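Worksheet for the structure shown next.
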Amino acid sequence: MAGTFGAVAEASGTRYILSNNHVLADENTLSIGGAIFQPGLLDNGDVGKDQIAKLTRFVPVKAGGGNTVDCAIAEVLDPKLVRATFLPKVGKLKSPEPIAAAEGMRVMKVGRTTGFTTGVVTDVSATLKVKYDLGVVRFDDQVFLEGDRGAFSDRGDSGSLIVDRATHRPTALLFAGSPAFTAGNHVSAVLAELAVSVVV
Amino acid sequence: MDLEALKKRLSPRLLDIAGVSGVGVSRGQLTIYIENESDAARQQVEQLLAGEAPDTPTRFVGTGTFEAR
């Protein structure tokens, strides 16, 4: 699975990659401790030399309903391999504290496929059906976004951290999309589920 | 009218309708996300709302199909 390494997270002094379950854990299937590569294997990553992390924890995605997050963390093997402040064009986050998404909020992200894009939040409590390999999955209480110039995201952008342009604080974790919209989990819910904070 | 409560109550039934991709609240209205401009889906939604919550301010928004990205 190709995806995006959205942010560096931390708990008890250990650093992790933050992304989606379906990116890091391949929809509940990768074993804890499994190897995470950057670049990913679909992007010509080398199994022999490109492992940067090991899967630590994920919130299972449940077929049917009852989901609010699609998220996972992977412990970084060597802290020197990642830079918490490296968010091209988005810049440095001003605070690790999430800001609640609000209708009309102007946002930005950097993703593996579409790079830097900007958009606007259009809904902060959507319930939606998302197609996964494991079937159609229902998510409650999600953030919807539209791009300012075409699509805000595409396949491979999952895991991107969505940042409020006004405050430079994280607000959502990108995980799904349609031709017209992008969907994100409230990042406050993601961090609470994984018991980590974003590193700035 | 508490649109969030209405959305929570009706979402399971609305999402069971083929062609409905999501339900939300935006621009002060109950928002029904539909995969395409299918009249059948729209009619079923309108029928359900007429029976359960008539006069609810409602808008329909085309989305296409949502996929994990």
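The values are calculated or read from the model by the stated rules, or taken from the named source; none is laboratory data. In this text, all values refer to a predicted model and were calculated from it rather than measured experimentally. Cβ placement follows ideal geometry from the backbone for every residue including glycine, while neighbour counts extend to all protein chains displayed.
Among residues of the stretch B:40-60 that are part of a helix (DSSP H, G or I), those with a beta-carbon under 6 Å from a residue that is among the β-branched types (V, I, T) at least six positions away or on a different chain give the pairs B:A41/B:I17; B:A41/B:V20; B:A41/B:I34; B:Q44/B:I17; B:V45/B:I32; B:L49/B:T56.
Residue count for the stretch B:42-69, restricted to those that are of a type outside the set (V, I, T) and within 14 Å of chain A (Cβ to nearest Cβ): 8. Whenever a residue of the stretch B:27-39 is closer than 14 Å to B:D2 by Cα, its partners that are of a type in the set (D, E, K, R) and outside any loop (DSSP other than H, G, I, E, B), lying with C-beta atoms within less than 8 angstrom and at least six residues away or across chains, give the pairs B:R27/B:R59; B:Q29/B:R59; B:L30/B:K7; B:L30/B:R59; B:T31/A:D123; B:T31/B:R59. Of all residues in the stretch A:91-134, those that are of a type in the set (S, T, N, Q) and touching a strand residue (DSSP E or B) at 6+ places or on another chain (Cβ under 7 Å) total 5. Criterion applied to A:D148, A:D123, A:D70, A:D154 was being exposed (fewer than 15 other Cβ atoms within 10 Å of the Cβ) and either in contact with a Gly (Cβ under 8 Å, 6 or more places away or on another chain) or under 17 Å from B:E67 (Cβ atoms) (or both), and the one residue passing it is A:D148.
Take B:G24 and tell me if it is modelled with pLDDT of 95 or more and facing chain A (nearest Cβ under 7 Å). When the stated conditions are applied, B:G24 passes them. Residues of the stretch B:7-37 that are buried (at least 18 other Cβ atoms within 10 Å of the Cβ) and part of a helix (DSSP H, G or I): B:K7, B:L10, B:S11, B:L14, B:L15.
Out of everything in the stretch A:161-175 that is within 10 Å of the chain's Cα centre (by Cα) and of a type outside the set (F, W, Y), what residue ends up being nearest to the other protein chains (Cβ to nearest Cβ)? Here the residue is A:L174. Against the test of being among the aliphatic types (A, V, I, L, M), within 14 Å of chain B (Cβ to nearest Cβ) and without any contact (Cβ under 8 Å) to a residue 24 or more places away in the chain, the options A:A126, A:A102 yield a single qualifying residue, A:A102.
When the residues of the stretch A:1-42 are filtered to those that are crowded, with 20+ Cβ neighbours inside 10 Å and among the hydroxyl-bearing types (S, T, Y), the one that is nearest to the other protein chains (Cβ to nearest Cβ) is A:T4.
Taking the criterion of being touching a Leu at 6+ places or on another chain (Cβ under 7 Å) and modelled with pLDDT of 95 or more, would at least one residue in the stretch A:82-97 satisfy it? The answer is no; no qualifying residue exists.
For A:G91, state whether it is within 11 Å of chain B (Cβ to nearest Cβ) and either touching a residue at least 60 places away in the same chain (Cβ under 8 Å) or surrounded by fewer than 21 Cβ atoms within 10 Å (Cβ to Cβ) (or both). Spelling it out, it is not the case that A:G91 is within 11 Å of chain B (Cβ to nearest Cβ) and either touching a residue at least 60 places away in the same chain (Cβ under 8 Å) or surrounded by fewer than 21 Cβ atoms within 10 Å (Cβ to Cβ) (or both).
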